[in-house]
1. Where does each of M157, M76, M162 land when they are ordered by accessible area, with a 1.4 Å probe and the largest first?
2. Of L110, L74, L26, which has the largest mean-square fluctuation in a 10 Å C-alpha GNM of the chain?
3. Quick one: what are the phi-derived ³J(HN,Hα) couplings along the stretch 59-70, Karplus 6.51/-1.76/1.60 with θ = phi - 60°, whole Hz, x for glycine and proline?
4. Short version: ³J(HN,Hα) in whole Hz for each residue of the stretch 96-103, in order, from phi by Karplus 6.51 cos²θ - 1.76 cosθ + 1.60 (θ = phi - 60°), x for Gly and Pro, what are they?
5. Output wanted: per-residue J couplings in Hz (rounded whole) for the stretch 165-173, from phi through Karplus 6.51 cos²θ - 1.76 cosθ + 1.60, θ = phi - 60°, x for Gly and Pro.
6. Let me spell out the model: positive unit charges on the Cβ of Lys and Arg, negative unit charges on the Cβ of Asp and Glu, origin at the Cα centre of the chain. What dipole size does that give, in debye rounded to 20?
7. Taking the Cβ of T23 as the centre, find all other residues whose Cβ is under 15 Å away and add up their charges (Lys, Arg: +1; Asp, Glu: -1).
8. I'd like the orientation of helix 135-160 relative to the chain: the angle between its Cα long axis and the longest Cα principal axis, in ° from 0 to 90, rounded to 10.
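The values are calculated or read from the model by the stated rules, or taken from the named source; none is laboratory data. In this text, all values refer to a predicted model and were calculated from it rather than measured experimentally. Heads up, the Cβs are rebuilt from the backbone with ideal geometry, glycines too, and the neighbour counts pull from every protein chain shown. Surface accessibility is based on the protein's heavy atoms, side chains included, excluding ligands, DNA and RNA. Shrake-Rupley method; radii C 1.70, N 1.55, O 1.52, S 1.80 Å.
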Amino acid sequence: MNISRTFRGWHPIYKRELRSYFTTPLAYIFLIIFLLLQGIFTFYLGGFFERGQADLSSFFSFQPWLFIFLIPALSMRLWAEERRLGTIELLLTLPITAHGVIAGKYLATLTFIIFGLVLTLPMWLTVNYLGSPDNGLIFMGYIGSILLAASYLSIGMTISCMTRNQVVAFVLSIGVCFFFAVLGLPVALDLVDFFLGEKGSLVVANLSLLTHFNEVQRGVLTGPSIIYFLTLNIFWYWLCRLMLQRSREAG
């Protein structure tokens, strides 16, 4: 496969999408809400000061639930807005491949999310000032956060491709992301174990984003977890590519 030909035109789309975040209030509202909630969850609800430990475990433990709402808020506009404004037809007539368009939008949004995570680095510096945290563990927590955000984004982007209504895309994305997260909760696994037995609950646990995210933030990035995140992202990417191709063929 010729990579440059397959993803032809991704870079202009990437630059256009990334620029669009900072030319509207959306980026600034997102970053303010993200940093504010992250601080509240880490230092207050997470009991950072009461625990007396210099680490960021409370920071990462709330991230799957925070991202469930914030990532769909970003992804809902990716395709739904193009459909609403009627610009998707124009986009599909440009000499850009479907892979190029999808990859450009996906990477631009992921870059913006990573930028938001970079802004939380003062928290990492703070715990180093207060004590001697395991910096390797914190680094892996950030890797897990990026993998988790990328997975939520791939789901949200694909659902946005299904509708021109951003609210519908937002709500459905939250529902699907929530489903992939709660599969790893003890209450869900106990329920599966009751009906399907231990092997069934093991299979369901391995389908959960929460299970693999928790492994990575504990400093364990295994081959199965890497394969899981890659497979999940590729599956939703493929689904988005399929729907976009149908839109192009429908004219």
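1. So the residues, ranked largest to smallest area, are M162, M76, M157.
2. With Cα springs under 10 Å in the chain, the top fluctuation among L110, L74, L26 is at L26.
3. Listing the rounded values in order: 4, 7, 5, 8, 4, x, 7, 5, 5, 4, 9, 7 Hz.
4. Couplings: 10, 6, 4, 4, x, 5, 5, 5 Hz.
5. 9, 5, 5, 4, 4, 5, 5, 5, 5
6. 1040 debye
7. Here the charged neighbours net out to +2.
8. 30 degrees
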